[in-house]
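Single-structure report; data block below.
Taken together, the values in this text are just the output of simple stated rules run on the coordinates, not laboratory data. The model shown is predicted, which means the values in this text are computed figures rather than measured ones. Here the Cβ is made from the backbone with ideal geometry for all residues, glycine too, and neighbour counts use every protein chain on show.
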Amino acid sequence: MPLPTLFLATVIGVTDGATLTVLHNRQALSVHLAEIDAPAPERAFGAKSRQQLGKLCRGVKAEIRPQFANRGGGIVADVVCAGKDAGAEQVRSGLAMVDEQHSTKRMLYEAQADARRQRRGLWSDPGIVRSWENPAKPNNKPARTTQLSAGADRG
């Protein structure tokens with residue numbers, strides 16, 4: 001079944017700082033915010049990232065613009081909650097990072113540069129490392145790192 005280009009859905013849950021559960025046509029769907037990575041809930045800043053996304057989106061009717069379906073049965077999408085791009089808000093607050101392997105959105109990179117300059121959220125930790133990077137690299141600090149999820153399953 002093809003994905004619609006845009007649909008409205010009520011946000012009924014927040015799994016982590018980049019994944020929502022929405023209710024659409026009486027069906028619960030998992031929606032990963034496109035082009036960003038957020039820390040897993042058990043990682044540093046994970047709970048705060050999830051809480052921030054919940055404040056913005058939980059209980060509201062969100063605009064969902066699917067980009068593709070992932071192997072897990074969910075979708076990867078641009079999401080707007082209360083008139084704000086949820087992914088950009090997460091990156092701007094320093095509670096998510098741009099998925100540099102897949103993102104083409106200039107505004108996400110600009111939001112991340114600002115968060116980094118201001119040392120907001122994740123950027124306050126000098127040992128930050130993404131989960132797909134090797135923590136043994138000389139520039140990474142394996143003993144104390146903020147590790148991010150690898151993003152949406154791009155299957």
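Among R117, R65, a tally of other beta-carbon atoms within 10 Å of each Cβ gives an order, fewest to most, of R117, R65. Excluding same-chain neighbours fewer than eight residues apart, the aspartates and glutamates reachable from K105 by a Cα-Cα span under 13 Å are E35, D78, D85.
Annotation: extensible slack from T15 through F68 equals 17.2 nm (criterion: 0.36 nm per residue apart, minus Cα-Cα distance).
In terms of the Cα gyration tensor, with a ≥ b ≥ c the square roots of its eigenvalues, is region 54-108 rounded because a/c is under 1.5, prolate because a/b exceeds b/c, or oblate? Note, shape of region 54-108 comes out oblate.
Length gained on full extension, S124 to K61, computed as 0.36 nm times the residue gap minus the Cα-Cα distance: 19.4 nm. For T19, the amide hydrogen comes within under 5 Å of the amide hydrogens of L33, counting only partners 5 or more places away or on other chains and with H modelled in the peptide plane.
Once fully extended, how much extra length lies between R116 and L8, figured as 0.36 nm per residue of separation less the alpha-carbon to alpha-carbon distance?
Stretched out fully, the R116 to L8 stretch lengthens by 35.6 nm.
In a DSSP loop and with at most 10 other Cβ atoms within 10 Å, the trypsin sites (Lys or Arg not before Pro) in region 1-91 are R26, R71.
Based on C-alpha pairs under 8 angstrom that are at least 6 apart in sequence, region 1-60 has a relative contact order of 36 percent. Shape class of region 7-124 from the alpha-carbon gyration tensor: prolate, with a/c at 1.5 or above and a/b greater than b/c. Applying both filters, DSSP loop and at most 12 other Cβ atoms within 10 Å, to the GluC sites (Glu not before Pro) of region 1-68 gives E42.
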